[in-house]
Every structure is written in structure tokens, then in C-alpha cells.
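Quick notes on the structure that follows.
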Amino acid sequence: MSDAAPASALLTPEEVDRARAGLLRLRDGLAGVIFGQDALLDLVTVGLIARGHLLLEGLPGLGKTELVKALAALLGLEHRRVQFTPDLLPGDIVGSAILQENEDGRGRRLEFRPGPVFTNLLLADEINRATPKTQSALLEAMQERRVTAAGQTRPLPEPFFVLATQNPIELEGTYPLPEAQLDRFLFKIDVGGVGPEVLERIVTARSARRAPEPERVLDGDELNALFAAADRVHLPSAVLAYLSRVVAATHPADSRAPEPVRTHVRYGASPRAALGLAAASRAAALLAGKPNVGFDEVRRVAPAVLGHRILPDYAARLDGWNGPKLAAAVLEHVSEVDGGSPR
């Protein structure tokens, strides 16, 4: 991972302002549909520009499906929704080959029918209700942006994002996502409830049968320009060193790991987490109107990047520790500077 870009590739102030204006249009468009969830919308906007997949955990009825529909409308992207159930098969996700009659009526042929994964935004609703075999059907799609079916590898549309949801309370008949698939999600975001003022806004908007219909705010070229701008956000060497120390400190064997990590963690975050943290920090800096990543951006996105990638041991829950709480302990413990001064 390079900590610096050639001078010619650095963003100009005009480019930063233009990119931030586009991101704010997207975020404000989402705020017109999803009320009272500012932190969630910030993370969704950052995750999108970082080209990552998102796992949303929350109770039913909090607007997760509306969020995906709004994203698709604001960006002019195709979206599909799949309700995961125990009887869902891998072919129901990626597609399958079916036997078709030839046009001349002589013989038959196998013809591939694409599944719902061939879209730009895929909402995998209640993903933990499907069997591990069906869950794994998304692994190649999420990581490689392609699927292999009927003996052929087919690329998925660009861009391609998976927004998956899971219910934290109804655990009967569910299959927890394995660590390998959790690692494919850039963020795991807890979707919480809202206060009475926000509920009044929601009831007023929906009872009047005025469901928000967001208009497109970015076209394909503008979205690709935002991706390119995020890639050019400068990651200074001191911030890169801090980012690397934070990820390393999630491992119990690391000398910088805090006591709760050494005591309660079986496995820490993977190198994919470091890559995701760097990409998300760049996108967060762009949303803040900055041409370079600061320590604040790393701290802002690190809990959503690391919380689901830290695997506690069995005794951790008894002592009140989980992945997000351990990630917070790492951020509190690891210093921004190493050895007293930035490198």
C-alpha cells in the first residue's frame, strides 16, 4: 500500500469541492427519505464511495429497504431485493441453466438465466436466515465482482454493492454468518431506533400518502469521478502508520494490543480490514472536504470496519466484551504517534 501519490495526482481544491458537493447531494437525498439517522447516512455514503459492501443490523421496520431503494433512485442504478429464507438455494441467487427448445424445434440447449445478483444494488434481506451453502454463493460475487455458474465465469454489472440486513433478536432458525463472509463487508452498521420528533415526521409523511420519491442526483460519469477522486485522497505516512498500528493491535499477540484484546480475543482483523480502513478513511476525508486523510477520519470509520472482524473468545461475553467494544478499546489505547513523534 503506497502512503503517497505523485504530485500530479493530488486533488486540487476545486476537485475536492466538486467531489464534496456531489457527496452532499447524495447524502442529503438519503436524508430526505431516511429521517433521523445522520450517522447511518454518513457511513452509507462513505461505504458507497469506498466501493464496499454493508451489513445493516437492526429491528424490522427501520427503513433498511427504503434506504436501498433511495440509493438506487438517487444514483440511477438498478436494484434487486432477495428475501433470504432457509429454503433459498444458491441458484436462486446467482442464476441457473435451464433446458430450452431450439428455435428450429430440433433438440434442446442449456440456457443460463441470470439471478438477482446481476444488478448494481443487491439487498440481501435477513441474510442470516439462509443456509451456509446459500450464503456462500455471495462470496465470489462480493469479493471478485463475478460469479461462476454453468461452467462459465460472468462479470457482474459495475458498480456492484451488497447491502445485507440481519435481525439481532430473532435467532431461532438462523445461521450466523461465518467469519470469512463477515470479512467481505466493509462496514457492519447498527441501525437504531429514532425519537418521538422523528416518528412524527415519518407518520406525517407516510399517512399523507406522500412516500418520498428522490430524484437522481448523480449520473454514472459523476459516480465514477467520485470513485477516482477518493482513490486520489492523500494518505500521509504518519496516518498510515497509525492505521496499521490500530489494525495490528486487534491481535492478542501484538505488543501494542490493550489488555482486553490480549485477554478476550481469539483472532484479530485481517489485512483486508487494513485495506478497507484506508479506503473508508479516504472517502470520509472527501466527504469532509479534505484532500488528505487525518487521524480523525481513521477514528471515525474504524469502529464500523473493525467491530465485526474481531473474534472474541467464549469468555468475553461473560465479562461484557464484544467486537465493537474491543475495537473501541483499541482506538483508545493506540497512540496517534509511535515513539513520541510522527514518522
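The length gained by stretching the chain between R145 and A180 to full extension, at 0.36 nm per residue less their Cα-Cα distance, is 11.0 nm. Placing R0 at 45 angstrom, the Cβ-Cβ distance between T65 and D338 gives a FRET efficiency of 0.50 after rounding to 0.05.
List the GluC sites (Glu not before Pro) within the range 17-110 that DSSP assigns to loop and that have no more than 10 neighbouring Cβ atoms inside 10 Å. Hits after loop and neighbour filter: E103. Between F227 and D296, the distance separating the two model label sites (each 7 Å from Cα on the Cα→Cβ line) works out to 2.9 nm.
Between S237 and V194, full extension at 0.36 nm per residue minus the direct alpha carbon distance yields a gain of 11.5 nm. Based on C-alpha pairs under 8 angstrom that are at least 6 apart in sequence, the range 1-118 has a relative contact order of 16 percent. Entry note, the chain: relative contact order of 22 percent, from Cα contacts under 8 Å with a spacing of 6+ residues.
Normalised by the number of residues in the range 110-173, the mean separation of alpha-carbon contacts (under 8 Å, six or more apart) gives a relative contact order of 46 percent. The lysine pair tally for the chain, using Cα distances under 26 Å and a gap of 8 or more places or different chains, is 7. Of the trypsin sites (Lys or Arg not before Pro) in the range 1-108, the ones in a loop by DSSP (not H, G, I, E or B) with at most 10 other beta carbons within 10 Å are R106.
Share of carbon and sulfur in the accessible area of the range 125-251 stands at 51%, probe radius 1.4 Å. Here the range 39-62 and the range 94-162 have alpha carbon centers that stand 24 Å from each other. Rounded to 0.05, the FRET efficiency of the R206 and T263 pair, given R0 = 35 Å and the Cβ-Cβ distance, is 0.15.
The values are calculated or read from the model by the stated rules, or taken from the named source; none is laboratory data. Source: prediction; values computed, not measured. Cβ: placed from backbone, ideal geometry, glycine included. Neighbour counts: every protein chain shown. All accessible areas refer to the heavy atoms of the entire protein, side chains included, with ligands and DNA or RNA removed. Shrake-Rupley method; radii C 1.70, N 1.55, O 1.52, S 1.80 Å.
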